[in-house]
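Input: a single structure, listed below in structure tokens.
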């Protein structure tokens, strides 16, 4: 049985490609790593269907073309003047900084506690690549002992990121940080200057705060209640047979509907054990967005998908569900 | 230039109220691209299509479906999904105040500033009381049809609401096992510690700029003016050394020289 599990995860990990592969360097020491997201979407995935229950896909159409365009017919474009566009190829973006596209060079190490979480954008786990885990473990151990975080900038998927490399339980994590000019200051917002408050009112609030003080957080508060309600409604329908379209015997559709959901956790466990190295190899050339894979997007939160859709200016994104966003992004230009 | 508030609300803290305005603390500086058709270099538009027939299905006719493990689909009407939406409300309910470490930073999602709405007396009193308590509030609110949970804390003396991710969206390191192997060499550990110490710095985020963004903009503008296609440069590939001790020693030497 154990064998079968490994077999399955091998297949899965081929779907779940890392977001980035390259080396983390400090001094002249280099640690080959791959980055996997530390966040994933909710398990609920709704698909777009027509009134008869047939699965739909998002396709792109040109201005005077009734045929859907294929991915190779599409290219990213920048609007340099109103309604005037210049196409931008991915390899051109990569070439702007090839070093940073494959290297996270930890130039400075800062006090771990000096990092304001307001700047944290997204978290990734670093898993060791290449032959040995020694350099990886050495960096993790040293960061933990010294309570420091390594700071660097690097380029991933056509965008530069500032990141902090943090060790947690022997595992390296990259927190991408917002650049200073991406976080507004209270002055920039136009908030009024702080004035000292009436001490009696402060005391009233202090009393109210004390009354609300609790020891621990009730994790149930952080559960995704909406998804749970949707699943409940859908399962009720499935049980009673209301608004249910049975799985079609059509091969194509079965393939479409089969749950391709990748268990990010499984992949991370395998990769941290140093498994699958030979089989998978470096998944993508550094910093290159050759394609957006199903598994990658499945493990992305809706907010992140929305951000990706925003940066690609996917039309109608604000009205899209997670499934629609995935679908739209899978057909983005490469 | 003051920012525009995205939402108006009232903080409910026990029996006390604080009218506030919510502002995004994030400035979007991403470069936005459009999707073009290669043929005519014009933007494309997207539509939902039945891949079997190639037929376009108008948005109003599309539905969402939940797919069971066996492939059966339960069709969910838009009205049914809308019925599951939370009741709209202007309240930001403070559920609890906790010691700061209780709300894990890994759940933090997006920061929003809270500013006073009208009279600022209660607002500043509330901020001062939070500051004195050194606690972090746990808040719940419904904004634009969505239920949010958030951590209420101060940033530069002003209340900030940090929306939180759902628990199942965060992969916890606690559930993973760190890479193992032979014990680390104490000498190498010591050298690594020395190296970290020499590269230690005070954090100043204003030292870092998104130079790449500027380069991308320059490049596309040059291209728009009819400049040549960019020359593609290959990254020089440094082969990682297996001699960890040697690399550490050389690093220490190089940093000392620089100092």
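The values are calculated or read from the model by the stated rules, or taken from the named source; none is laboratory data. What you are looking at is a predicted structure, and each value in this text was computed from that prediction instead of being measured. A quick note on method: Cβ atoms are made from the backbone with ideal geometry, for glycine too, and the neighbour counts reach across all protein chains shown.
Structure above, values below:
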{"quantity": "Sole residue being closer than 29 Å to residue A:91 by Cα and touching a helix residue (DSSP H, G or I) at 6+ places or on another chain (Cβ under 8 Å), chosen from A:160, A:168", "calculated": "A:160"}
{"quantity": "Residues (at the interface with chain A (Cβ under 8 Å from one of its Cβ atoms) and either surrounded by 18 or more Cβ atoms within 10 Å (Cβ to Cβ) or without any contact (Cβ under 8 Å) to a residue 24 or more places away in the chain (or both)) located in region B:14-27", "calculated": "B:15, B:16, B:23, B:25, B:27"}
{"quantity": "Every residue from region B:91-107 that is farther than 17 Å from residue A:216 by Cα and buried (at least 19 other Cβ atoms within 10 Å of the Cβ)", "calculated": "B:92"}
{"quantity": "All strands (runs of 3 or more DSSP E) inside region B:32-128 with 3 or more residues being over 20 Å from residue A:205 (Cα atoms)", "calculated": "B:34-37, B:45-50, B:55-57, B:63-67, B:73-76, B:108-116"}
{"quantity": "Any hit, region A:220-235, residues being in a strand (DSSP E or B), at the interface with chain B (Cβ under 7 Å from one of its Cβ atoms) and either modelled with pLDDT of 90 or more or farther than 30 Å from residue A:129 by Cβ (or both)", "calculated": "no"}
{"quantity": "The one condition in (1) within 7 Å of chain A (Cβ to nearest Cβ); (2) in contact (Cβ under 8 Å) with a residue 60 or more places away in the chain that residue B:145 fails to fulfil", "calculated": "(1)"}
{"quantity": "Residue B:111 vs. criteria crowded, with 19+ Cβ neighbours inside 10 Å, closer than 21 Å to residue A:195 by Cα, in contact with a strand residue (DSSP E or B) (Cβ under 6 Å, 6 or more places away or on another chain) and at pLDDT 95 or above", "calculated": "no"}
{"quantity": "Region A:14-67, residues that are assigned to a strand (DSSP E or B), over 21 Å from residue B:60 (Cα atoms) and more than 7 Å from chain B (Cβ to nearest Cβ)", "calculated": "A:20, A:21, A:22, A:24, A:25, A:31, A:33, A:34, A:35, A:36, A:37"}
{"quantity": "Top-ranked residue in region B:148-165 [being assigned to a loop (DSSP other than H, G, I, E, B) and free of Cβ contacts under 8 Å to residues at least 40 places away in the same chain; ranked as farthest from the chain's Cα centre (by Cα)]", "calculated": "B:157"}
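For every residue, the table says whether it meets (1) surrounded by 17 or more Cβ atoms within 10 Å (Cβ to Cβ); (2) within 23 Å of the chain's Cα centre (by Cα); (3) without any contact (Cβ under 8 Å) to a residue 60 or more places away in the chain.
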site: B:171; (1), (2), (3): yes, yes, yes
site: B:179; (1), (2), (3): yes, no, yes
site: B:195; (1), (2), (3): yes, no, no
site: B:205; (1), (2), (3): yes, yes, yes
site: B:208; (1), (2), (3): yes, yes, yes
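Table: residues versus (1) under 19 Å from residue A:124 (Cα atoms); (2) at pLDDT 90 or above.
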| residue | (1), (2) |
| --- | --- |
| A:31 | yes, yes |
| A:42 | yes, no |
| A:92 | no, no |
| A:103 | yes, yes |
